[in-house]
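Input: a single structure, listed below in structure tokens.
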Amino acid sequence: MIVETRAGAVRGVRDDSGELYRAIPYAAAPVGAGRFAAPAPHPGWSGVRDGTQPSPTAPQPVRDFGRLDMTPYFGPGWVPGEEYLSLDVRTPSADGGGRPVMVFVHGGGFVTGSNRAALYDGGAFARDGVVLVTVNYRLGVPGFLDLRGAPANRGLLDVLAALGWVRATIAAFGGDPDNVTVFGQSAGATLVGALLATPEAKGLFRRAIVQSGSGTGAFTPEQAQRVTAAAAAALGVEPTADAFAAISDERFLGILPALAGLDLRTRTATDPLAGLSPFGLVLPVQPADALADGPARDVDLLIGTNTEEGRLYDPDPATAADALGETLFGAGTARMAQAHAQISGGRRTYVYSFGYRSTALDGQLGAAHTVELPFVFDIADKPWLHGATGLLGPDPAPAGLAARVHSVWVSFANTGDPGWASDVVTTLGAGPASGAARPGRS
């Protein structure tokens with residue numbers, strides 16, 4: 001199959017779920033000084049581009065979660081190559097069918113991850129009539145370090161550029177550019193929350209899903225400057241874009257240990273990422289407090305967390321892991337949901353809580369961060385998610401749960417209705433969905 005785009009033709013492959021087009025660039029390769037510039041338009045290509053193989057990935061470190069195999073979440077790590085500002089398109093058919101579009105933004109603490117991760121297999125979405133786009137973006141120093149002479153939040157600018165590509169191009173792949181849902185998990189969810197407060201995002205999507213993110217997860221400029229100063233000192237250069245442009249990606253990865261454990265607390269702000277990452281959004285106002293500036297008023301929102309988020313980082317139930325989950329995700333999710341309900345009149349804000357408890361790590365992982373992803377993508381039966389080191393543990397997933405959770409995401413993308421009233425918090429877990437009144441709502 002060959003699809004003609006504005007930049008050139010691309011060849012994909014067909015399988016049982018539909019058609020797959022991989023490694024399509026949505027912006028020019030970020031090389032040299034371009035790593036610290038806003039994403040530039042791709043110059044295009046002649047002939048037919050091979051879209052049958054995965055793309056390179058952003059430079060990133062290896063993360064270790066001990067006995068738990070998180071490879072399905074982080075993917076292969078850094079696969080070197082210049083054109084990693086790319087996306088994959090999974091579609092039932094590139095036939096101009098005007099289908100709903102979902103654009104997924106991966107997580108990974110703003111330093112790791114890619115659309116090559118096995119968890120993001122979009123076959124079930126294509127099977128169910130959705131065009132799925134999965135996006136790579138800049139990470140770590142090139143993506144989020146705040147530097148004099150460089151635009152802030154370059155990773156977020158990449159996601160905006162990808163959404164612009166979707167707006168201009170997705171019809172050629174069978175998608176409806178007027179029915180786009182952007183969704184993300186963890187760092188990706190926090191980026192989606194920021195899009196809701198970004199003026200340039202107006203008109204690029206109709207709906208948003210925030211999975212285990214935060215509307216209050218951004219660093220202040222003062223906090224960001226502490227990270228920048230530490231990075232510049234570790235590299236022995238001035239904290240400017242020009243100075244950093246001459247440094248290799250390998251050296252950027254090499255200084256990451258020197259940035260771990262920085263005290264980012266200030267007189268007016270706590271560390272929103274609780275020391276887990278020195279990189280993230282840098283904003284003067286938290287997204288939850290700036291929704292009036294962006295498209296939030298006109299966007300349907302599905303937002304939620306897992307009931308034991310912090311167990312991914314510390315599975316010992318005797319510790320403060322649950323408090324960590326509330327700090328990282330719970331409080332900022334609640335604040336974003338409340339702010340969106342106020343600005344949208346409450347009719348288009350839907351809140352969920354995911355409660356299925358993984359039996360991994362001798363049953364202690366529980367409903368931890370990332371555990372909902374196999375259910376959202378309807379792949380919870382995959383053998384590589386089970387066993388002694390698998391994310392879902394040795395036990396099989398409950399029959400029908402993945403299909404139910406996945407259907408919520410598909411229904412929301414189609415109609416803006418996940419299947420429950422906006423004045424309740426719905427629990428998605430081992431049994432049928434159940435609702436409880438949302439506090440503070442009439």
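Coordinate-derived values only; no laboratory data. If you're wondering where the values come from, they're calculated on a predicted model, not measured in any experiment. Here the Cβ is made from the backbone with ideal geometry for all residues, glycine too, and neighbour counts use every protein chain on show.
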Computed log₁₀ I(q)/I(0) - Debye formula, equal Cα scatterers, no solvent, segment 242-383, q 0.12, 0.15 Å⁻¹ = -0.70, -1.00
Plugging the Kirkwood radius over Cα pairs into Stokes-Einstein for the chain, at a temperature of 25 °C and a viscosity of 0.890 mPa s, what D comes out in µm²/s?
-> 113 µm²/s
Footprinting exposure proxy for LEU145, LEU132 (fewest neighbouring C-beta atoms within 10 Å first) | LEU145, LEU132
Per-residue HN-Hα couplings for segment 62-71 [Karplus 6.51, -1.76, 1.60; θ = phi - 60°; Hz; x = Gly/Pro] = 8, 10, 10, 10, x, 5, 8, 7, 9, 4
Provide the FRET efficiency to the nearest 0.05 for the VAL237-GLU82 pair, computing r from the beta carbons and using R0 = 22 Å.
-> 0.45
Indicate the gyration tensor shape class of segment 93-168 (rounded, prolate or oblate), computed on the Cα atoms with a ≥ b ≥ c the square roots of the eigenvalues: a/c under 1.5 is rounded; otherwise a/b larger than b/c is prolate and the rest oblate.
-> oblate
Which cross-chain or sequence-distant (5 or more) residues have an amide H under 5 Å from the amide H of PHE354, H modelled 1.01 Å from N in plane?
-> THR305, ASN306, THR307, LEU428
Order the peptides 190-203, 396-409, 209-222 from the highest to the lowest mean number of other Cβ atoms within 10 Å of their residues.
-> 209-222, 190-203, 396-409
If you find the alpha carbon centre of segment 296-316 and of segment 128-143, how far apart are they in angstrom?
-> 19 Å
Within 10 Å, count the other beta carbons around each residue, average over each peptide in 371-380, 17-26, and list them highest first.
-> 371-380, 17-26
The alpha-carbon center of segment 160-198 and that of segment 3-54 are separated, in whole Å, by 16 Å
Would you mind checking which residues have amide H under 5 Å from GLY366's amide H? H placed 1.01 Å from N; only 5 or more apart, or other chain.
-> SER358, ALA360
Once the Cα atoms of segment 173-230 are picked out, what are the Rg and Dmax in Å?
-> 14.4, 47
Integer Hz, Karplus 6.51/-1.76/1.60 couplings in order for segment 28-40, x for Gly and Pro | 5, 4, x, 10, x, 5, x, 5, 10, 10, 4, x, 9
How large is the dipole of the chain about the Cα centre if only Lys and Arg carry +1 and Asp and Glu carry -1, each at its Cβ, rounded to the nearest 20 debye?
-> 620 debye
Summing -39500 (n - 2.57) over every DSSP H run of at least 4 in the chain, dividing by its residue total and rounding to the nearest 500, the 222 nm mean residue ellipticity is -6500 deg cm²/dmol
Starting from the amide H of VAL48, placed 1.01 Å from N in the peptide plane, find each other amide H under 5 Å away whose residue is 5 or more places distant or on another chain.
-> none
